[in-house]
Amino acid sequence: MTRTLFLPEFELYVLLAVLRLGPDAYGASIARELASTAERPVSIGALYATLGRLSDKGYVVSHVSRPRPVQGGRSRKHYTLTGSGEAAVEHSARKLRRMMHGIDLLDESAASGA
């Protein structure tokens, strides 16, 4: 595997949010997903800078939607993972599983959310 497949934590979170959201992955929805699922609030500026880096790496592509059908409706820039982006996520997940194999970080009460 090439060195570029190693993702910083936040880039991995952003890619996972894009995957989770599917066709609904645009700036504000990705930020909400990160805040709710990863419990990681993020400024929209930091998010767009990261999406720009991911685009430069070839991990995401974007397209601009038609304006929303409401008065003053705006277009949204939607993001999709590329094949390279999916490979980078798979690579990171595989390496994380290997590193965590045999390590019990949580006791049963913490794992169940109690």
- Message: What distance in nm separates the two pseudo spin-label positions at residue 36 and residue 49, each 7 Å out from Cα along the beta-carbon direction?
- Response: 2.7 nm
- Item | Modelled FRET efficiency - R0 30 Å, residue 24 with residue 100, Cβ distances, 0.05 increments | 0.50
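Taken together, the values in this text are just the output of simple stated rules run on the coordinates, not laboratory data. All values reported here derive from a predicted model rather than from experimental measurement. Methodologically, a virtual Cβ is constructed for each residue, glycine included, from the backbone with ideal geometry; neighbour enumeration extends over all protein chains shown.
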